[in-house]
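Worksheet for the structure shown next.
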Amino acid sequence: MSPDPPPEPSPDQSAELARRDQNNAWNAFGLVASGVTVWGGVGWLVSEWLDNRIYLMFGILVGAAAALYLVWVRYGRA
């Protein structure tokens, strides 16, 4: 015997779920943008200090990787 399917959400619940999903998407975007900005800025400062542009690239990559990991930890798990 199979279990009963879950009930359909009401229109108010559907709107709340859509709003929560939209907020989560903007939060994830903000995490990635801030990670790239902050660590890219650190990389830029080190690049200027050492006169070598490779640190800017490393800063951007580290910021993007760390931010994507945080997005995965916060929103990717069930």
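Have a look at G30, G40 and point out the one that is surrounded by 14 or more Cβ atoms within 10 Å (Cβ to Cβ), within 25 Å of the chain's Cα centre (by Cα) and among the small types (G, A, S).
Step by step, each of G30, G40 is checked, and only G40 is surrounded by 14 or more Cβ atoms within 10 Å (Cβ to Cβ), within 25 Å of the chain's Cα centre (by Cα) and among the small types (G, A, S).
Show the residue pairs meeting these rules: Cβ distance below 7 Å; 6+ apart or different chains; first residue within region 50-65 and more than 15 Å from T37 (Cβ to Cβ); second residue modelled with pLDDT of 95 or more and hydroxyl-bearing (S, T, Y).
Close Cβ pairs (under 7 Å, with a partner that is modelled with pLDDT of 95 or more and hydroxyl-bearing (S, T, Y)) amount to R53/S47; Y55/S47.
Of the conditions (1) assigned to a helix (DSSP H, G or I); (2) out of contact with any Gly (no Cβ under 8 Å at 6 or more places or on another chain), P7 clears all except one; give me its number.
Just one mismatch for P7, condition (1).
Look through L17, L56, L61, L31 and report the one residue that is part of a helix (DSSP H, G or I) and touching a Ser or Thr at 6+ places or on another chain (Cβ under 6 Å).
Going through L17, L56, L61, L31 in turn, the sole match is L56.
Being under 30 Å from A25 (Cα atoms) and surrounded by fewer than 17 Cβ atoms within 10 Å (Cβ to Cβ) is the filter here, so list the residues in region 46-61 that pass it.
Answer for region 46-61, where residues must be under 30 Å from A25 (Cα atoms) and surrounded by fewer than 17 Cβ atoms within 10 Å (Cβ to Cβ): M57, F58, L61.
Got at least one residue in region 29-40 being aliphatic (A, V, I, L, M) and touching a Leu at 6+ places or on another chain (Cβ under 8 Å)?
Yes, some residue in region 29-40 is aliphatic (A, V, I, L, M) and touching a Leu at 6+ places or on another chain (Cβ under 8 Å).
The values are calculated or read from the model by the stated rules, or taken from the named source; none is laboratory data. What you are looking at is a predicted structure, and each value in this text was computed from that prediction instead of being measured. FYI the Cβ positions are ideal-geometry reconstructions off the backbone, even for glycines, and counts take in every protein chain you see.
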